[in-house]
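Since the structure comes first, as structure tokens, the remarks are kept for the end.
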Amino acid sequence: MKLWQGVAMLVGTIIGAGILGIPYVTAKSGTMVGLAWIVLLGLVFLAVNLCFGEVITRTKGHHHIVALCGRYLGRYGKLAMAVSFLVGTYGALVAYTIGEGEVLAQLLPLTELQASMAFYVLASLVVLGGMRWFERFESFFVMLLLAVVGITIVVGLPYASEANLTPMSEHWFLPYGVIVFAYMGMGILPDVRQATGKRLFKQAIVWGSVIPMAVYAAFALIVVAITGGATTQVATVGVGKVLGPLGVFVLNGFAVLAMATSFAGLGFALREIMLEAGYSKVKSALLTFGVPLLIFFGANEGFVRTLDLAGTVSGGLAGILIMAMFVRAKNNGNQSPEFSLNLPLWLTVGIAALFVIGLLTVA
């Protein structure tokens, strides 16, 4: 039971609204190219999660990712991980606001901008009002998101066609950032270890990393097989239109809930961090929700592009820092680990190099 509790925690953290952007980049790059990226980056993040898991087990006490980065990489390492968190969080808040606008415009007589702003105001009030009861349903909303995948696969099969699968294009690198974003969830691993205990921690990491890979591949394949080159940035919008009015309502309704709970969870976490950093309630609110609003109006590049930038920068920084911590912890940990990885140096460097290449595409 402890094993699956830990697996559920990791899967629930990894699989979020980012999954809704994967079919679009898969269709644009070429179906097989997109699936290859899902598998490759899935294996990379399996390795990253295991490396971070070893760092956790080599360190006495219960520490979260930023504190661990400070311990092994110093003040600048800690600062870099904090920047990674902020970029990822702000990027996600903006992306979900854009995505909600696209989805709600299919369900309500509103423009995308009106729908985005209505959602943003309501969701911000939920967070600022301290409505923590909303978070109690987070695991339920994760199940709803998985239900979207299941319903899409089962109901969509009669509409799927091999002829809709897209060939390789010049946009072969397009899936990278979006899929990196969708795999990010390593910050929950210290809590996973507490839930599973020492003996089951490694198994929980493996299962919790592999399950999202299978879910992403299945969802991307079925959506592209249904909508082909017309796959929309928020996958449920295009699929819903193919499946008819009921499909529009059910799939987009689930997508609204999925993005809303992701938005609220990140909003609560960011606001608490601001308060703990010593900012007043007013400044914390402005930093939590004012910054994403400025980005939304000043640098809105669409749902997928926002996920891409957030994943490339935030996931890239975090991945590099975790691999550096892994190397340092081998010699500087203060307790015997529960498991020890024997990764060859070329693989450790190769994983870090992949993240560096991703960052260079943004520069």
With R₀ set to 41 angstrom, the calculated FRET efficiency between the beta-carbons of residue 210 and residue 159, to the nearest 0.05, is 0.90
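Mind checking the dipole of the chain: about its Cα centre, +1 per Lys or Arg Cβ, -1 per Asp or Glu Cβ, Debye to the nearest 20?
The calculated dipole for the chain is roughly 1240 debye.
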Estimated inter-spin distance, residue 43 and residue 191, nm [label 7 Å along Cα→Cβ]: 3.1 nm
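Can you tell me the relative contact order of the stretch 2-362? Whole percent, Cα pairs under 8 Å, sequence separation 6 or more.
38 percent
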Three principal axis lengths of the chain [C-alpha, angstrom, descending]: 59, 49, 45
Quick calc: nm separation of the 7 Å Cα→Cβ label points for residue 121 and residue 79 -> 4.0 nm
Can you tell me the Rg and Dmax of the stretch 1-108, counting just the alpha carbons, in angstroms? 17.5, 52
For the stretch 185-242, take the convex hull of the Cα atoms, compute a quarter of its surface area, and give me that in nm², please. 5.0 nm²
Return the loop-located trypsin sites (Lys or Arg not before Pro) in the stretch 158-201 (DSSP other than H, G, I, E, B) with at most 13 other Cβ atoms within 10 Å of their own Cβ; answer none if there are none. 198, 199
Distance in nm between residue 199 and residue 230 label points, each 7 Å along Cα→Cβ, equals 5.5 nm
Total lysine pairs under 24 Å (Cα atoms) in the stretch 2-362, excluding pairs fewer than 8 apart on one chain: 12
Radius, Kirkwood style, for the stretch 280-363 when every pair of distinct Cα atoms is counted (Å): 15.8 Å
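Each reported figure results from applying straightforward, stated rules to the coordinates on display, with no laboratory input. A quick note: this is a predicted structure, and the numbers were derived from the prediction, not measured. Heads up, the Cβs are rebuilt from the backbone with ideal geometry, glycines too, and the neighbour counts pull from every protein chain shown.
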